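I'd like to ask you about the structure that follows.
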Amino acid sequence: MNGPIPRKILIIGGGFAGLACARRLANDSRFEITLVDRTNHHLFQPLLYQVATASLAAPDIARSIRQILSKARNVTVLMDEITGLDPAGKTATGATGTIYPFDTMILAAGARTGYFGHDEWAEHTFSLKSLAEAQTLRRTVLANLEQAELITDPVERKRLMTVAIVGGGPTGVELAGAFADLIHRSMKADFRRIDTSKLRVILIEGSDRILEVYDENQSAYAKQRLTEQGVEVWTGKRVDNITPGKLHFTSGEELESAAIIWAAGVAANPLTKALGVPTDRGGRVTPEPDLTVPGHPDIFVAGDLVGMKDADGKMVPGVAPAASQMGKYIAGLLRDEARYAGNPGARPVRAGFRYFDKGLMAIIGKNHAVVKAGHLKMQGVMAWLAWLFIHILFLVGFRNKLSVLLGWAFAYIRDNPSARVIVNTPPARKAS
């Protein structure tokens, strides 16, 4: 006698939310799962900036989704980019033309860089949302230094030796600190014609202070520490326009740089527009308390696509722990409700999603970080050690190769980044 027909689950996105959901439903015969992602790997995004700054190589923070789920017999992993959704017809369409039918869909396609309505700025800046972008940024900064070593024109050399980072949030702060460590300390003896201490790393924030989500004293500590590292921290500077190799500010000032990095905003994947529900300025959806799309009880949203307060009234941040918790929560709902498939009247009322806040962390170069977790607030070496320990724990579960992790930690502590090889040198971005 044949058993019940498995429920078709379509998971769009192999990030923290999608992967957590798939792993919780793995080998449960009540579900037939298809996970679709436009890449073939899961990315440990909190450490992406270290790939961009040559502290880590790309394989250190990425792993094949297919490999992670290889033992999940009820999960099919496909590399495709979903370009269309039909919520009413319960289908999704991929860039390959493939139609993906579903009974339940989890939309966890992640975020992209947001330019506050000025998408044309993307052509003149570098962003940091993928391995490809991180590698391009690393190649560009290193190649700029190589060009600066070759030329004698002081104006062009100054432009090549200026890294401008727009956005004083955790990503911008971590990038600024890592670039300062890399260039001013780790590579200071590597060049003969240029003085790497003269490379300008400029962190630009439109508000009055960096790391606004942290306490004021932590923001002040971060600014002081970055300044000691040689980073120029500009606050109260709002970008008005970006042209090739040049930032234009509302004050009328201009800054020339051969590497302009945009870390000032994020926007949800445009697939949210196809759901037929209102979205906020960043394209995020405000779902029902159980993370379903209003009017579609079998369509869930998770991760960076969500803008909501949880069942306790706490705003859910767009961070990896929140995304993982959403994925696990959705999987738990589906498993609980599968028990009542033959008796839907006995199905319990769905409890709303509750976010367990594990705190915020930002590293400010070697040996310095800030941590904010409830009433616990740390900064300095102890915060840096906490950051290092927690990320190693995440990676151990992620890669399950302790020897690789210890090798990474040793290289990082020893202050000798090895991922400095330039492959496929990008064309230089010339100033206008």
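When you scan segment 261-268, do you find a residue that is of a type in the set (Gly, Ala, Ser), in contact (Cβ under 8 Å) with a residue 12 or more places away in the chain, within 30 Å of PRO87 (Cβ to Cβ) and in contact with a Lys or Arg (Cβ under 8 Å, 6 or more places away or on another chain), even just one?
Looking for residues that are of a type in the set (Gly, Ala, Ser), in contact (Cβ under 8 Å) with a residue 12 or more places away in the chain, within 30 Å of PRO87 (Cβ to Cβ) and in contact with a Lys or Arg (Cβ under 8 Å, 6 or more places away or on another chain), one finds at least one in segment 261-268, hence yes.
Here's a follow-up. Out of (1) surrounded by 20 or more Cβ atoms within 10 Å (Cβ to Cβ); (2) within 28 Å of LEU360 (Cα to Cα); (3) in contact (Cβ under 8 Å) with a residue 60 or more places away in the chain, the odd one out for ARG185 is which?
(1)
Name the single residue, out of those in segment 56-89 being among the polar types (S, T, N, Q) and touching a Ser or Thr at 6+ places or on another chain (Cβ under 9 Å), that is farthest from ASP298 (Cα to Cα). Please lay out each step first, then the result.
Narrowing segment 56-89 to residues among the polar types (S, T, N, Q): 64, 67, 70, 74, 76, 83.
Narrowing further to those that are touching a Ser or Thr at 6+ places or on another chain (Cβ under 9 Å): 64, 70, 74, 76, 83.
Values: SER64: 28, SER70: 26, ASN74: 19, THR76: 20, THR83: 20 Å.
It comes out as SER64.
Moving to a separate point now. Determine whether ALA331 is surrounded by fewer than 14 Cβ atoms within 10 Å (Cβ to Cβ), of a type outside the set (S, T, N, Q) and over 25 Å from PRO270 (Cβ atoms).
On the way: surrounded by fewer than 14 Cβ atoms within 10 Å (Cβ to Cβ): no; of a type outside the set (S, T, N, Q): yes; over 25 Å from PRO270 (Cβ atoms): yes.
No; evaluated as a whole, the condition is false for this residue.
Right, another one. Could you please find all residues in segment 234-265 being in a strand (DSSP E or B), out of contact with any helix residue (DSSP H, G or I) (no Cβ under 6 Å at 6 or more places or on another chain) and either of a type outside the set (S, T, N, Q) or within 19 Å of LEU142 (Cα to Cα) (or both)? It would help to see each step written out before you state the result.
Residues of segment 234-265 that are in a strand (DSSP E or B), as a first pass: 234-235, 239-243, 246-249, 254-256, 259-262.
Subsequent filtering for residues that are out of contact with any helix residue (DSSP H, G or I) (no Cβ under 6 Å at 6 or more places or on another chain) retains 234-235, 239-241, 243, 246-249, 254-255, 260-262.
Across segment 234-265, the qualifying residues are TRP234, VAL239, ASP240, LYS246, LEU247, HIS248, PHE249, GLU254, LEU255, ILE260, ILE261, TRP262.
Which numbered condition in (1) in contact with a Lys or Arg (Cβ under 8 Å, 6 or more places away or on another chain); (2) modelled with pLDDT of 90 or more; (3) closer than 30 Å to PRO278 by Cα is the only one that ASP357 fails?
(2)
Hey, another quick one. State all residues of segment 275-328 that are part of a helix (DSSP H, G or I) and out of contact with any strand residue (DSSP E or B) (no Cβ under 9 Å at 6 or more places or on another chain); if no residue qualifies, say none. Break it down into steps so the answer makes sense when it comes.
Narrowing segment 275-328 to residues part of a helix (DSSP H, G or I): 275, 303-305, 320-328.
Hits for segment 275-328 are ALA320, PRO321, SER324, GLN325, LYS328.
Moving on to the next point. Just for segment 59-92: of the residues that are within 25 Å of the chain's Cα centre (by Cα) and part of a loop (DSSP other than H, G, I, E, B), which one is nearest to ALA20 (Cα to Cα)?
Per the stated criteria, the residue is LEU69.
The values are calculated or read from the model by the stated rules, or taken from the named source; none is laboratory data. Small disclaimer: the values here were computed from a predicted structure and weren't measured. FYI the Cβ positions are ideal-geometry reconstructions off the backbone, even for glycines, and counts take in every protein chain you see.
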